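Each remark here refers to the structure printed beneath this line.
The values are calculated or read from the model by the stated rules, or taken from the named source; none is laboratory data. Keep in mind that this is a model prediction, so the values were computed, not measured. Methodologically, a virtual Cβ is constructed for each residue, glycine included, from the backbone with ideal geometry; neighbour enumeration extends over all protein chains shown.
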Amino acid sequence: MKSLRIGILSICYCLLLWVLFLTIVRFENGVKETWFTVVTKRIVARKSHVPLEMCMLGIYKPELPWSFGPVRAMEDTLGLKFTLVSFYQAWGSAAEHVFQPVVMDAVVGNGKVPVVTWEPWVSGFEREELKPMPEREWRCLRDIADGVYDFHVIEWAKAAVTWGKPFFLRFAHEMTNDQYPWGPGNGNTPDDYKQAWWHVKAVFDSVGATNVIWVWCPYGNGILDYYPGGESVDWVAMDIFNYGEILFGENERRWMSFDELASPLYREMLPLQKPIMLAEVGCSDIGGSREVWYREMLSQIEKKFTSIKAIVLFENPSDKTSGQWNIDWSIAHDKEIITAMQSILERKYFTYIESYGTKLSTH
């Protein structure tokens, strides 16, 4: 009997220790969540600040945001600083896929505001509970809307809140482009896209990510079926590239001006009454004069496309995203283009907004 009592007491003692352990763990998690909810999310605040009679310049370069030397050299040549710095981050399980406060701090430390293109490459996750590849990519936006990837979205959003400074987030850009798994080529519908956007936005809102400026960026024309609505979008954006003779057959028109490429989409976006970002822009060197193209672009934005309030130059010297071609979109090495741009920039319509991140937080 004595040994039985000792055995029962031992079991009770172990159960008590287990309950105590669970209580401590739950208490710690509760404290962390309460701190996040009550303190961190209340620290972060943001209201839009859009230049009225001016337009900001931004830049994407492959070495950004790890090296700013080439950007500073380009700024010195142009005689104008860039307000925005663009870079891309995919979804996935690797360390490079989590929110990067060090990278974001590097952008802010150089007097810029980050523009993060957040790409839902669902193939990047290594989790057994997810669908196998390539099935996982089929209508992946519907799974995002259903919360399948909330484990990633929630943690990324919380880290964004903890970082606390304003930044632009271009989520699932070019959703009308078949080259991306979140495009229509994988069965994604306009409703799938809007449901995914609303869900991701709701997750960010639920953790207090008011420092995020939401940028909706379609591709091509006939895009309004994909628009998730003004209440969940802060800026709208377009990507404009003149491929020249690279992508077209012998009997098709090849070289297209900025006006020809941008006007149809611009007309669709104007009724949305949102500031417009030219989130990617570039011109190839095959089929016409790049110098004229860039000069006309800046002049037309100043005089005709006045709702465009930010331009991000796509300064990529080796772009292979179009397939077999390796396209050089960069302009820093082209003295004629730089000279042509300088003549427009001297008119002061295009501007650098000093401490723009602070203005986004306080206005």
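Couple of notes before you dig in:
- Residue selected from segment 307-363 under the condition basic (K, R) and over 22 Å from the mean Cα position of the chain (by Cα), by the criterion nearest to I286 (Cα to Cα): K335
- Within segment 263-300, the set of residues being touching a Cys at 6+ places or on another chain (Cβ under 6 Å) and in contact (Cβ under 8 Å) with a residue 60 or more places away in the chain comprises just one member, A279.
- Test for Y356: is it modelled with pLDDT under 90 and either surrounded by 17 or more Cβ atoms within 10 Å (Cβ to Cβ) or not β-branched (V, I, T) (or both): yes
- Strands (runs of 3 or more DSSP E) (entirely within segment 211-320) containing at least 1 residues that are in contact with a Lys or Arg (Cβ under 8 Å, 6 or more places away or on another chain), small (G, A, S) and at negative phi: 235-242, 276-283
- Restricting attention to segment 233-256 and to residues that are surrounded by fewer than 17 Cβ atoms within 10 Å (Cβ to Cβ) and either charged (D, E, K, R) or modelled with pLDDT of 95 or more (or both), the residue that is farthest from the chain's Cα centre (by Cα) turns out to be E250.
- Residue ID - nearest to the chain's Cα centre (by Cα), chosen from residues in segment 165-208 that are assigned to a loop (DSSP other than H, G, I, E, B) and among the hydrophobic types (A, V, I, L, M, F, W, C): A172
- Any pair with Cβ under 6 angstrom, 6 or more apart, that starts in segment 122-137 at a residue that is closer than 13 Å to F151 by Cα and ends at one that is in a loop (DSSP other than H, G, I, E, B) and among the polar types (S, T, N, Q): F125/S93; E126/S93
- In the condition set (1) at pLDDT 95 or above; (2) surrounded by 20 or more Cβ atoms within 10 Å (Cβ to Cβ); (3) touching a Ser or Thr at 6+ places or on another chain (Cβ under 8 Å), I327 is compliant with all but (1).
- Count of segment 182-197 residues which are under 28 Å from A262 (Cβ atoms) and surrounded by fewer than 22 Cβ atoms within 10 Å (Cβ to Cβ): 8
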